Amino acid sequence: MAEHPAEVQITPEAIRGRKGGAPIVCLTAYTYPIARLLDPHADLLLVGDSVAMVLHGHATTLGATMEMMIMHGQAVMRGCRRACVVVDMPAGSYEHSAGQALASARRIMDETGCHAVKLEGGTDMADRIAAIVYAGIPVMGHIGLQPQSVEKEGGYKIKGRTQEDSKRLLADAQAVEKAGAFSVVIEGTVEPVAADITRRLSIPTIGIGASAQCDGQILVIDDAVGLTVDRVPKFVREYADLRSAVADAAQRYAADVRARRFPGPEHVFQPKGKSAP
Ligand code: KIV
């Protein structure tokens, strides 16, 4: 029997309750059809700010805007019946103050109807998380490699390679937990450190480029189905090859159009009373 009966919506509290239990299946989703396809299989769908890169062709997630996140959040919510839907807070929408963070989180919740928001940061963002949670909005944390800091850090740097960095990561994770987050993404962090943080926290950890010991895993959907056209990160396993499928379909369609094999008689309309020859 399925762990969650169809149509029972999985809440952030239910995700929190999965700590130490069956691994939590998470994927990103940005559009209605993909949400429809993933909803029966995933526990949590993240409308990640990676949408700026994946669908809009920006170089980094810093290209994401509130309007972009809200529009994709609404599309995903239309396609979801059971998965817990989390929408990313874009860079610039929460860092300035707890008040700004709360106003942005409220706007995302009100305009999308999603179940929770996610923001990047550890000890430095704990007061923003606490303010949002205090107002009754569930928050997912995000520590380790934080893509919104790519310009500040001069690239995507794997975390936890030194003892000092590992200590800082644990402090970040504990600050996010104490601030009231219902779960935390650990991204781009060396395996033993991610596994250790998972053992020490009472909330679920969701790994990406982290550890199989995390309480759940997340991948960017376009990476998982082999649709990513630029560099595929080391931590990705491709479960399909949609790049080849799309290129092959486009090539066969082009050949049919050029040879006038498409449309066929079954694809065109005839005047009333006449049937296709
Ligand atoms: O934006 C995103 O897709 C994310 C995941 C990689 C966790 O934050």
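The values are calculated or read from the model by the stated rules, or taken from the named source; none is laboratory data. From a predicted model like this one, the values you see are computed outputs, not experimental measurements. Cβ placement follows ideal geometry from the backbone for every residue including glycine, while neighbour counts extend to all protein chains displayed. The protein model used for the area step is the full one, side chains on, heavy atoms only, and it has no ligands, DNA or RNA in it. Shrake-Rupley method; radii C 1.70, N 1.55, O 1.52, S 1.80 Å.
Points to keep in mind about this one:
- Qualifying positions in the stretch 232-243 - assigned to a helix (DSSP H, G or I) and either among the hydroxyl-bearing types (Ser, Thr, Tyr) or open to solvent by less than 70 Å² (accessible area, probe 1.4 Å) (or both): LEU242
- Note on the stretch 164-231: enclosed strands (runs of 3 or more DSSP E) holding 3 or more residues that are open to solvent by less than 10 Å² (accessible area, probe 1.4 Å) are 183-187, 205-208.
- Residue check for ASP88: open to solvent by less than 20 Å² (accessible area, probe 1.4 Å) and more than 12 Å from the ligand (Cβ to nearest atom): no
- Test result for GLN148, under 15 Å from GLY121 (Cβ atoms) and touching a residue at least 40 places away in the same chain (Cβ under 8 Å): yes
- Going through (1) outside any helix (DSSP H, G or I); (2) in contact with a Leu (Cβ under 7 Å, 6 or more places away or on another chain) one by one, ILE15 falls short only on (1).
- Among the criteria (1) farther than 20 Å from GLY121 by Cβ; (2) in a helix (DSSP H, G or I); (3) assigned by TED's automatic domain parsing to the domain that holds ASP124, the one VAL246 does not fulfil is (3).
- When the test is whether a residue is within 12 Å of the ligand (Cβ to nearest atom), at pLDDT 95 or above and crowded, with 24+ Cβ neighbours inside 10 Å, LEU62 does not pass it.
- Within the stretch 105-161, the only residue that satisfies the criterion of being buried (at least 22 other Cβ atoms within 10 Å of the Cβ) and among the acidic types (Asp, Glu) is GLU120.
- Residues located in the stretch 11-38, provided they are farther than 18 Å from ILE206 by Cβ and either surrounded by fewer than 21 Cβ atoms within 10 Å (Cβ to Cβ) or away from the ligand (no atom under 16 Å from the Cβ) (or both): THR31, TYR32, PRO33, ILE34, ARG36, LEU37
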